[in-house]
1. Pairs of alpha-carbon atoms within less than 8 angstrom and 6+ residues apart define the contacts here; what relative contact order does the chain have, in percent?
2. As a check on your grasp of the helix formula, calculate [θ] at 222 nm for the chain: sum -39500 (n - 2.57) over DSSP H runs of n ≥ 4, divide by the residue count, round to the nearest 500.
3. Would you rank L20, L44 by solvent-accessible area, highest first, keeping every protein chain in place and using a 1.4 Å probe?
4. Note down the magnitude of the dipole of the stretch 49-189 about its Cα centre, charges +1 on Lys and Arg C-beta and -1 on Asp and Glu C-beta and zero elsewhere, to the nearest 20 debye.
5. Build a GNM of the chain with springs between Cα atoms under 10 Å: which of A91, A48, A205 gets the top mean-square fluctuation?
6. Please give every one of the lysines within straight-line cross-link reach of K11, meaning a C-alpha to C-alpha distance under 22 Å, and leave out same-chain neighbours fewer than 8 residues apart.
7. Might you tell me the accessible area per residue for the stretch 64-220, computed with a 1.4 Å probe and given in Å²?
8. Give me the aspartates and glutamates in straight-line cross-link reach of K213: C-alpha distance below 12 Å, same-chain residues under 8 apart excluded.
Amino acid sequence: MLKHLFPSSVKGALLLYGLLLTLVLISVHLIDRQLADLMHAQQLSHPALKLLSKTPLLLEFLAGLTIFACISERFRTRFQALAIELVLTLALAFSIRWVAKQLFGRTWPESWISLGDGHNPSWVADRIEAFHPFAQGLAYDSFPSGHALLTFALAFTFWRHTPKLLPLWLGCMLAVISGQLSLNYHFLGDLLAGASFGLLASQLALTLHNSLKGRMASLT
């Protein structure tokens, strides 16, 4: 399954990301608004859902622990490759998140951000849902979901190196989607885009690591 998520050929990558783009576009145009209204009507606010929405914190902690553990030679021998890819994944994920949010500038499904002249424009409160490329401010930071992006990026990187813990990594991915969506923190399209960018960040980290290993090998 991993070989399909991390295709080695250009054709495979184009097919994969083309499919993900199609899913995002379908969600944005046909699903997001109606689903946001449905989630708002449910008024879900259970503490467990809020905990699920914070899944990236768990993975960031595990990533930091893995990287820090490599100070020890014993751990470094076993986990060095994972630690390097986690560092690259985090750097790429944060960079992609910042660039993408600036580029797309989508409004949020709900209004909870206090602005100088009121609240952030949203679909539920104002029937406003739109993309405003290069718009500045938190009011336009909905797309993609940074929580989904970081969760999927780290989960995929962990998955490559510890496939026996697949249920944990899949659980983290499902948890962040469930928490963010049920609390109406993001449109479904935001979450799908975040997951797609997360996969991209993890794949780029793998590619960069392999490139670094190749250069090091050529120097020895």
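The values are calculated or read from the model by the stated rules, or taken from the named source; none is laboratory data. Owing to the predicted nature of the structure, the values given are computational and were not obtained by experimental measurement. Heads up, the Cβs are rebuilt from the backbone with ideal geometry, glycines too, and the neighbour counts pull from every protein chain shown. These area figures cover heavy atoms from the full protein model, side chains too; ligands, DNA and RNA do not enter into them. Shrake-Rupley method; radii C 1.70, N 1.55, O 1.52, S 1.80 Å.
1. Reported relative contact order: 29 percent.
2. -23000 deg cm²/dmol
3. Numbers: L20 40, L44 80 Å².
So the residues, ranked largest to smallest area, are L44, L20.
4. Working: 11 positive and 8 negative charges, 116 e Å.
Magnitude of the dipole: close to 560 debye.
5. Of A91, A48, A205, the Gaussian network model singles out A48 as fluctuating most.
6. Output for K11: K3.
7. On the way: 7630 Å² over 157 residues.
That works out to 49 Å² for each residue.
8. E85
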